[in-house]
1. Starting from residues that are part of a loop (DSSP other than H, G, I, E, B) and open to solvent by less than 40 Å² (accessible area, probe 1.4 Å), keep the ones in the stretch 391-414 and report whichever is nearest to Ala211 (Cα to Cα).
2. Is it fair to say Gly59 is small (Gly, Ala, Ser), open to solvent by 20 Å² or more (accessible area, probe 1.4 Å) and closer than 30 Å to Arg214 by Cβ?
3. Does the stretch 25-35 hold any residues that are over 24 Å from the mean Cα position of the chain (by Cα) and either of a type in the set (Ser, Thr, Tyr) or open to solvent by 30 Å² or more (accessible area, probe 1.4 Å) (or both), and which are they?
4. Filter the stretch 148-184 for residues that are among the basic types (Lys, Arg) and more than 24 Å from the chain's Cα centre (by Cα) and give the result.
5. Six or more apart or on different chains, Cβ under 6 Å: which pairs go from a residue in the stretch 307-326 that's assigned to a helix (DSSP H, G or I) and of a type in the set (A, V, I, L, M, F, W, C) to one that's open to solvent by less than 10 Å² (accessible area, probe 1.4 Å) and modelled with pLDDT under 85? Could you list them?
6. Of the residues in the stretch 305-322, how many are surrounded by fewer than 20 Cβ atoms within 10 Å (Cβ to Cβ) and at pLDDT 90 or above?
7. Of the numbered conditions (1) under 30 Å from Ala327 (Cα atoms); (2) assigned to a helix (DSSP H, G or I), Leu82 fails exactly one; give the number of that condition.
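The values are calculated or read from the model by the stated rules, or taken from the named source; none is laboratory data. Remember, predicted model here, so these are calculated numbers, not experimental data. So basically every Cβ, Gly included, is an ideal-geometry build from the backbone, and we count neighbours across all protein chains shown. Side chains are part of the model used for accessible areas, which takes the heavy atoms of the whole protein and leaves out ligands, DNA and RNA. Shrake-Rupley method; radii C 1.70, N 1.55, O 1.52, S 1.80 Å.
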Amino acid sequence: MDKQQSPFAPGFVERPYWWELAPPPPPGPPAPLPDAAEVAVIGGGIAGLSTAIELGRSGVKALVLDREAIGWGASSRNGGALSGAGSLGRARSDLHKALDQKLLDEMVEEAEASFDEMEAFLREEGVECFFRRTGRFVGAHAPKALDTLKRRAEMLNRTGRDTAAILERGRVREEVATDLYHGGLLIERAGSLHPGLYVQGLAKAAERLGATLRGGVTVTGLEKEGAGYRVRTSQGEVLARQVMVATNGYTGAATPWHRRRLVPVASYMIATEPLGEARVRTLLPKLRVYGDTKKVLYYFRPSPDFTRILFGGRASFVDADATRSAARLHGFLTGLLPDLAGVRISHGWKGNVAFALDYLPHVGRQEGIHYALGCNGSGVVTMTHLGRCAARQILGSANRPSAFARLPFPTMPGYHGRPWFLPLVGASYQLRDRLDGWRSTPAKGHP
């Protein structure tokens, strides 16, 4: 592309591509809140709606509150990539050192089973969201990264459910049209869906099972009252027998204990203008979901109709303008896939993901308040599952606690939910990637 040529297609919009087909519900006149609720769920995304569905199946009607429209946050802005235990190693490569082996094995087995649970849910509820089993390819950004991927393959293959294999450098182009990766990991049990349609399907199922969904309601405070809780909101107060927090990257001051344990990080995405299926297949021959091992990672996939490429990453470690970040992502994309030189982008957007300080998902209860938090950049399957786990905690119906409920949920001294350190972290990540030898374009003459 000419240096002076804009990366933006005519009509470029700063809006999730997914919202073209499945926008969040438009705001309507504020509906009155009930005076009381069996369970108040704070957060109307995947985790909160999943909790409401599981409660509804047992006859318990939840009140789901969100300060924006239901499904407005990362639940309808993410890349729509799905995996089971594959997401654990993606967030943290040293799990084999950090956790007791028995607990780790239980976490991996539970995460793998959650992929099957989600597939069964989509089938049972008839949720049409372009779900496909695609497999995932993870590119190694440096030769030493293959060692990390080999450990992840061993972790997945031990379950007997998944099949993970290492591809050497000479086979990378079987998966993606780039020369930048030094090999990679192929995970068979992975998939994709349309996240906007998925979260709408969750919302419809929750309402059908008796949940009340209220967007545009900000929870301003919680306090214990008798056997339950008084939930203070911008639309009045509700007395709830139980409370569940499912706010992830949008966790606010009303729940300070949870806020201190989460680092909200903006993630950015772009969609190319239509390329046609034939061209997309030359770039991504197997039409999988894709990621890599860099600290400043890339993730990408074909659109559900296979006519575009959707590409995401950490374009900035501050809350940056989505349009400016889209231009930077465009540079990353064309550096990775040089055959896209000259292609422009039609959409650019961002959304907050929530990282726990130990890079692991968490579900549990603190002083009587339930929570499912910490998607760590891979939340569709994880938060669907942990929302169900939270509901089972509330119902007291779990045969045994989730393995993720047995993890401590750490914070650090002086941290209160405002990640002032992210620019420093981002700079260190970029440096580590460069020291590993990562280049945004292939070296001249490299095969």
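1. Ser402
2. On the way: small (Gly, Ala, Ser): yes; open to solvent by 20 Å² or more (accessible area, probe 1.4 Å): yes; closer than 30 Å to Arg214 by Cβ: yes.
Taking the combined requirement at face value, the residue satisfies it.
3. Filtering the stretch 25-35 for residues over 24 Å from the mean Cα position of the chain (by Cα) gives 27-35.
Pro27, Gly28, Pro29, Pro30, Ala31, Pro32, Pro34, Asp35, listed by residue number.
4. Within the stretch 148-184, Arg158, Arg169, Arg171, Arg173 meet the criteria.
5. Matching pairs, first to second residue: none at all.
6. Here the count works out to 3.
7. It is condition (2) that Leu82 fails.
Yes/no per residue for (1) part of a strand (DSSP E or B); (2) under 25 Å from Phe421 (Cα atoms):
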site: Val243; (1), (2): yes, no
site: Gly249; (1), (2): no, yes
site: Gly252; (1), (2): no, yes
site: Trp257; (1), (2): no, yes
site: Pro264; (1), (2): yes, yes
site: Met269; (1), (2): yes, yes
site: Pro274; (1), (2): no, no
site: Thr282; (1), (2): no, no
site: Pro285; (1), (2): no, no
